[in-house]
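Written below as structure tokens is the structure these notes are about.
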Amino acid sequence: MKRIKLKIAALSFVAMIITFLVPGTLAYYTTSGKATNVVTSGNIKMMIHETTDQGTAFPEEGVYIVPGDVVSKEVRVENICDHPFYLRVKIVYGVDSIELSADDCFKLNINSEHWALHDGWYYYRGIVTPGEKTPYVFSHVEIVGSKVDNRYLGKTLSLSVQAQAVQSENNPIEDGNTFTASGWPTEQGGTP
């Protein structure tokens with residue numbers, strides 16, 4: 001019994017020394033998805049998929065990270081209704097329930113071939129047909145080492161994906177810009 005206590009004490013001491021010697025911060029990174037369905041006529045339904053580059057579901061409980069880590073996370077949206085629609089996605093960043101700007105901790109590789117940024121939303125550049133899954137919005141998240149310092153030690157960094165859709169049937173757009181479609185919900189302050 002005394003040997004076990006000595007081993008536990010030695011392991012605790014080694015862990016404490018490693019904690020003081022290893023530079024950087026250990027934080028917790030988690031994400032959540034939220035789909036906001038906009039009904040204009042018919043029934044619009046979607047599902048947000050968050051997977052790793054291995055094709056497995058991104059862990060609901062999140063992952064532990066250190067500054068400079070690159071986390072595999074592919075975000076796509078699927079049309080699960082009988083009607084085609086236009087789609088937009090908003091990414092909200094935070095730390096322990098406080099909203100951050102995008103540049104504070106995360107760097108995303110946005111798929112700009114299929115998604116266009118307009119007024120804080122990423123608009124899919126086409127129509128999402130029934131049963132179709134969009135190309136990824138982004139496929140990995142880099143934890144910016146120069147921004148995530150000891151202030152974030154033990155904190156939970158969050159990245160929330162929100163999606164909204166409006167019907168594309170009988171809803172023309174201007175110059176191929178899906179943000180010009182009618183029916184997008186207005187945000188606080190009244191801007192679409």
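Bear in mind that the values in this text are calculations on the coordinates, not laboratory data. This one's a predicted model, so the numbers in the text were calculated from it and none came from an experiment. With ideal geometry, Cβ positions are generated from the backbone for all residues, glycine too; neighbour counts draw on all protein chains shown.
Below, the figures for the structure above:
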{"read-out": "Charge sum, other residues only, whose C-beta stays under 11 Å from Pro59's C-beta, Lys/Arg counted +1 and Asp/Glu -1", "value": "-2"}
{"read-out": "Net charge contributed by nearby residues that have their C-beta within less than 12 Å of Pro130 (K/R +1, D/E -1)", "value": "-2"}
{"read-out": "Eligible aspartates and glutamates near Lys45 by straight Cα distance, threshold 13 Å, same-chain separation 8 or greater", "value": "Glu78, Asp82, Glu132"}
{"read-out": "Inter-centroid distance (Cα atoms) of the range 40-74 relative to the range 127-180, Å", "value": "10"}
